[in-house]
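Report on the following structure.
The values are calculated or read from the model by the stated rules, or taken from the named source; none is laboratory data. The shown structure was predicted, so the numbers you read here are calculated from the model rather than taken from an experiment. Cβ: placed from backbone, ideal geometry, glycine included. Neighbour counts: every protein chain shown.
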Ligand code: PRP
C-alpha cells in the first residue's frame, strides 16, 4: 500500500520546503551570529524540520529535545495544559533558546511551553515553526520564524501525523477525509 494514495492534494512540495528551510537557516544565522543558540525540538513531529533546518544554519547551534503532550485534549484539539514527557537535558539559563515546532495550531501548546521555559531564566526565547494555522488560533503566539501558513485543513507529512502515520511523507499534504472517516468507524 502506498500512503501517497491517501493524499487529497499536496499543499507544500518537497522543493518548496527545501527552499524555505534554507532561507530560514540563513536568517537564523544572520540573527544569532556567534550567540550559539539552543534549538529545542518539540517531539515528535518537529524532528524532520529540525533535521533540515539545523543543516541550513551556518553558525554554531546546540540541540536538545523536549517531549510534550497535551492533557485531556482530543485527537484534533489540544487542551492548553501540557505534560512534559521528556525534558531537555540542558540547563537553559542564560541561553538563547529557539523552540522548533512542526505546527502552531490553536497556539495553546506553544504558549504553555514558552511560559514553562521562561521560568528557567533563558536569555531569550524565539519560536520557529514549520507550519502555522492562523485561522485556528485561540491564544496569541509570537512566531519569529515561520515556514508556511496553511489553511484549516487536515495536514500530514514532513513530520506531521495522523494516528502516528504519514510523518515520513517528504511533502505536506491534505489527508483524504475518507481515511479518517474509515478509521473512526473502525475504532467505533
Ligand atoms: C502537535 C504539534 C504541536 C501541537 C500544536 O503535537 O506538534 O505540539 O500539536 O497544537 P496547538 O497549537 O493546538 O496546541 P501533537 O500532540 O500532535 O504531537 P506530535 O508532534 O508528537 O505529533
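Observations on the model:
- Any chance residue 56 is more than 15 Å from the ligand (Cβ to nearest atom) and closer than 23 Å to residue 172 by Cα: yes
- Residue ID - nearest to residue 165 (Cα to Cα), chosen from residues in the stretch 32-45 that are over 18 Å from the mean Cα position of the chain (by Cα) and assigned to a loop (DSSP other than H, G, I, E, B): 36
- Within the set 48, 10, the sole residue that is surrounded by 15 or more Cβ atoms within 10 Å (Cβ to Cβ) and outside any helix (DSSP H, G or I) turns out to be 10.
- Just one of the listed residues (81, 68) is touching a residue at least 24 places away in the same chain (Cβ under 8 Å), farther than 21 Å from residue 159 by Cβ and within 12 Å of the ligand (Cβ to nearest atom), namely 81.
- Odd one out for residue 135 among (1) crowded, with 18+ Cβ neighbours inside 10 Å; (2) under 30 Å from residue 4 (Cα atoms); (3) more than 9 Å from the ligand (Cβ to nearest atom): (1)
- Whether a residue is within 18 Å of residue 67 (Cβ to Cβ), within 10 Å of the ligand (Cβ to nearest atom) and not in a loop (DSSP other than H, G, I, E, B) was assessed, and residue 103 passes this test.
- Selection of the stretch 106-126 for residues being on the phi < 0 side of the Ramachandran plot and more than 11 Å from the ligand (Cβ to nearest atom) yields 114, 115, 116, 117, 118, 119, 120, 122, 123, 124, 125, 126.
- Residue ID - farthest from the ligand (Cβ to nearest atom), chosen from residues in the stretch 144-188 that are out of contact with any helix residue (DSSP H, G or I) (no Cβ under 9 Å at 6 or more places or on another chain), over 16 Å from residue 16 (Cβ atoms) and touching a residue at least 40 places away in the same chain (Cβ under 8 Å): 177
- Any hit, the stretch 92-99, residues being at pLDDT below 95 and part of a strand (DSSP E or B): no
- Selected residue (criterion: nearest to the ligand (Cβ to nearest atom)) from residues of the stretch 21-43 that are under 16 Å from residue 102 (Cα atoms) and crowded, with 19+ Cβ neighbours inside 10 Å: 42
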